[in-house]
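Reading through the structure tokens given below for one structure.
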Amino acid sequence: MQIYKIYPVGFAANSYILTADNKTCVVIDPAQPRILAECADRGLTPRYALLTHCHYDHIGGCGALFGAGCRILCGEDEKELVYGEDNRAVFHGIVIPHFDIYKTLADGEEICLCGITFKTVATPGHTRGGVCYVAERTVFSGDTLFRRSVGRTDFSTGSYPELVRSVRKLYALPGDYAVCPGHDEDTTLEAERRFNPYVKE
């Protein structure tokens with residue numbers, strides 16, 4: 001599995017392009033429309049996009065991908081929030097181009113996309129329906145867990161106690177994992193277990 005990390009230009013989230021065959025790919029959190037071009041620049045066709053949650057800084061590129069035939073998936077409790085009040089675009093006057101959710105994923109559900117197996121981990125707290133995805137020994141943590149930090153919980157469906165439980169749920173994964181967060185730099189699960197000041201193991 002090859003992972004390409006795409007940093008945002010301006011305000012948006014990190015996006016991740018994953019491929020197993022160097023032909024097709026899965027995008028995690030397509031934050032900006034240019035993600036479609038980033039896939040093309042690598043000779044990849046985006047077949048699926050996985051959303052960790054619905055905030056506009058993570059889904060701004062969904063319209064472009066959807067228009068190119070990409071199927072978009074999210075956690076089962078997040079679908080209703082994509083165009084709901086909890087999407088901060090509502091308060092910033094930003095219009096998210098329309099896209100449909102192809103499928104929702106339940107806690108613990110595994111799915112194979114483009115030759116890569118993903119396990120969904122429900123991690124409410126930043127939003128009610130937020131999820132993380134585990135592929136091989138990598139956790140794509142969205143806005144649940146960051147390097148030495150955690151996601152904010154002051155949005156309409158956020159909950160700090162739930163976020164703490166969700167982070168501890170990630171800590172309980174056996175062994176070490178790379179952690180690819182929605183913002184800032186990558187880390188490891190073991191480093192966060194030891195050094196994250198917000199949630200202790």
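The values are calculated or read from the model by the stated rules, or taken from the named source; none is laboratory data. Nothing here was measured: the structure is a model prediction, and the numbers come from that model. Every residue, glycine among them, receives a Cβ derived from its backbone with ideal geometry; neighbour counts consider all protein chains shown. For the accessible areas, the whole protein counts, side chains as well, though only heavy atoms, and no ligand, DNA or RNA atoms are used. Shrake-Rupley method; radii C 1.70, N 1.55, O 1.52, S 1.80 Å.
Results, tabulated for the structure shown:
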{"quantity": "Per residue value of the accessible surface for the chain (all protein chains in place, 1.4 Å probe), Å²", "calculated": "43 Å²"}
{"quantity": "Whether the chain is rounded, prolate or oblate, judged on the alpha carbon gyration tensor where a/c under 1.5 counts as rounded", "calculated": "oblate"}
{"quantity": "Burial ranking of peptide ranges 95-106, 122-133 (average Cβ count within 10 Å, highest at the top)", "calculated": "122-133, 95-106"}
{"quantity": "Centre separation in Å (Cα based) which lies between the range 158-201 and the range 3-52", "calculated": "23 Å"}
{"quantity": "Karplus-derived HN-Hα couplings along the range 37-45 (A = 6.51, B = -1.76, C = 1.60, θ = phi - 60°), whole Hz, x at Gly and Pro", "calculated": "5, 4, 5, 4, 4, 9, x, 10, 9"}
{"quantity": "Those GluC sites (Glu not before Pro) in the range 96-150 that DSSP places in a loop and that have at most 15 other beta carbons within 10 Å", "calculated": "Glu136"}
{"quantity": "Segment Cys112-Lys5, extension gain: residue separation times 0.36 nm, minus the distance between their alpha carbons", "calculated": "36.5 nm"}
{"quantity": "Sequence-distant lysines (8 or more away, or on other chains) whose Cα lies within less than 27 Å of Lys5", "calculated": "Lys23, Lys79, Lys103, Lys119, Lys169"}
{"quantity": "Under 5 Å, built H, 5+ apart or other chain: amide partners of Tyr48", "calculated": "Cys25, Val27, Arg71"}
{"quantity": "Loop trypsin sites (Lys or Arg not before Pro), the range 131-176 (other Cβ atoms within 10 Å of the site Cβ: 12 or fewer; DSSP)", "calculated": "Arg152"}
{"quantity": "Theoretical ellipticity at 222 nm over the chain - DSSP helices of four or more residues, -39500 (n - 2.57) apiece, nearest 500", "calculated": "-5000 deg cm²/dmol"}
{"quantity": "³J(HN,Hα), Karplus 6.51/-1.76/1.60, whole Hz, each residue of the range 181-198, x for Gly, Pro", "calculated": "x, x, 9, 6, 8, 5, 8, 10, 5, 5, 4, 6, 4, 8, 10, 5, x, 8"}
{"quantity": "Ser156, Ser15, Ser149, ranked by accessible area, largest first (probe 1.4 Å)", "calculated": "Ser156, Ser149, Ser15"}
{"quantity": "Relative contact order (%) - the range 1-97, alpha-carbon pairs under 8 angstrom, separation at least six", "calculated": "22 percent"}
{"quantity": "Accessible surface of the chain [probe 1.4 Å, protein heavy atoms]: carbon and sulfur percent", "calculated": "50 percent"}
{"quantity": "Normalised contact order of the chain, rounded percent, pairs of Cα under 8 Å and 6 or more residues apart", "calculated": "15 percent"}
{"quantity": "Rounded, prolate or oblate (a/c below 1.5 giving rounded, otherwise prolate when a/b exceeds b/c) for the range 9-108 by Cα gyration tensor", "calculated": "oblate"}
{"quantity": "Prolate/oblate/rounded call for the range 88-201, Cα gyration tensor, a/c under 1.5 rounded", "calculated": "oblate"}
{"quantity": "Interchain or long-range residues, amide H under 5 Å from His126's placed H", "calculated": "Ser159"}
{"quantity": "Ile94 versus Leu173: modelled label distance in nm, points set 7 Å from Cα along the beta carbon direction", "calculated": "2.6 nm"}
